[in-house]
Amino acid sequence: RVFASRARFDAESSTREFVILTSDYGQTMLGRFVATQLAIEAPGVRVRFRPLTDSVIAEAEDSLRAVDGFILPHGFVHDLPHLDAYTDRWVILADRDNTAIGSTVRLDELSTIDWVLPFHRQGSYVPAVRQLQLLGVDLRVAVAVEGFVSLPLFIAGTQRVTMIQERLAHLIAPGDRFRIVECPFEVVPLVEALWWHPALEHDPGHAWFRGVVERAGRALAGHPPS
């Protein structure tokens, strides 16, 4: 009877809360679609988004014991169960009137521009910036911020540029004020995924929630950047 009761999960009547750790990017992009799916499928179910930190990611398996998952791109966590939700790509974002960068840019020009970068500190870099480091390009960082959503605010009205996810740029950086410039190198695609602890693999409620994330990812993928 105990095992039978654990095998059932009624989404429509459940009041379970799922705790997900993610960046402001993951919350803004995938999180809002997850919240929409919950409102449709399970109005009593709650989701709580909390910020990820370097220490949490470094001890991912232990950290995941206390929560329901991370929303995080590939490259930071390895050898744990995950569900790929959607893909994105890195682009350069500049103010519409920025004269320090044209409609295109060469690789050697990147080191002559002032940058605003997210999570830029020793041992912690966004993947596209790490690629540039491996290519021998040293970026001139004027401002470092702890997040992605505020990036357009720090380049508006300046000659600075930033590296940002394309989907997020189209969502928060209107075309009449900003412009997107393609990266002058082959950037590794960004694959955003839900990661969880192996102990949750057969939890029926968690399995249902993973389905919600999968449907949210499909819904997001159906809204391509314009």
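The values are calculated or read from the model by the stated rules, or taken from the named source; none is laboratory data. Keep in mind the model is a prediction, meaning the values are calculated, not measured. Cβ atoms come from the backbone with ideal geometry, glycine included; neighbour counts cover every protein chain shown. With ligands, DNA and RNA removed, areas are computed over all heavy atoms of the protein, side chains included. Shrake-Rupley method; radii C 1.70, N 1.55, O 1.52, S 1.80 Å.
What the phi angles of region 30-47 give under the Karplus curve with 6.51, -1.76 and 1.60, with θ = phi - 60°, is a coupling list of 7, x, 5, 6, 4, 4, 5, 4, 5, 4, 7, 8, 8, x, x, 7, 10, 10 Hz, glycine and proline written as x. With all protein chains in place and a 1.4 Å probe, the accessible surface of the chain carries 51 percent carbon and sulfur. May I ask for the longest run of the chain untouched by trypsin sites (Lys or Arg not before Pro) that are loop-located per DSSP and have at most 13 neighbouring C-beta atoms (other than their own) within 10 Å? With a cap of 13 other Cβ atoms within 10 Å, the longest stretch comes to 9-95.
How many Å² of accessible area per residue for the chain, probe 1.4 Å?
On the way: 11510 Å² over 226 residues.
Accessible surface, normalised per residue, equals 51 Å².
Other residues whose C-beta falls under 10 angstrom from the C-beta of W115 contribute a net charge of +1, scoring Lys and Arg +1 and Asp and Glu -1. Ordering T28, A60, L93 by the projection of their Cα atoms onto the charge dipole of the chain, which places +1 on the Cβ of Lys and Arg and -1 on the Cβ of Asp and Glu, puts T28 at the extreme positive end.
For the chain, what does -39500 (n - 2.57) per DSSP helix run (n ≥ 4), summed and divided by total residues, give at 222 nm, in deg cm²/dmol to the nearest 500? Calculated mean residue ellipticity at 222 nm is -7000 deg cm²/dmol. Scanning residues 5 or more positions from T22 or on other chains, those with amide H under 5 Å from its amide H are R50, L52, I71, with H placed 1.01 Å from N in the peptide plane. Computed from point charges on the beta carbon alone (+1 for Lys and Arg, -1 for Asp and Glu), the dipole magnitude for the chain about its Cα centre is near 500 Debye. Each residue of region 91-98 was assigned a 3J(HN,Hα) from its phi angle through the Karplus curve 6.51 cos²θ - 1.76 cosθ + 1.60 (θ = phi - 60°); the sequence is 9, 9, 10, 9, 5, 4, 9, 5 Hz, with glycine and proline shown as x. To the nearest Å, what is the center-to-center distance of region 68-83 and region 180-226, using C-alpha atoms only? Computed from Cα coordinates, the inter-centre distance equals 10 Å. The GluC sites (Glu not before Pro) of region 173-225 that DSSP puts in a loop, and whose beta carbon has at most 11 other beta carbons within 10 Å, are E186, E201. Sparse packing (at most 13 other Cβ atoms within 10 Å of the Cβ) combined with a DSSP loop state is found for the following GluC sites (Glu not before Pro) in region 10-101: E12, E59.
Note on region 145-226: Cα-only Rg and Dmax are 17.1, 52 Å. Please compute one quarter of the surface area of the Cα convex hull for the chain and express it in square nanometres. Spelled out: convex hull of the Cα atoms, projected over all directions, averaged, 13.1 nm². What the pair-distance distribution of region 1-135 shows, using all Cα-Cα distances binned every 10 Å from zero, is 9, 30, 29, 18, 9, 3, 1, 0 percent. Positive contributions from Lys and Arg (+1) and negative ones from Asp and Glu (-1), summed over other residues with Cβ under 12 Å from the Cβ of G102, come out at 0.
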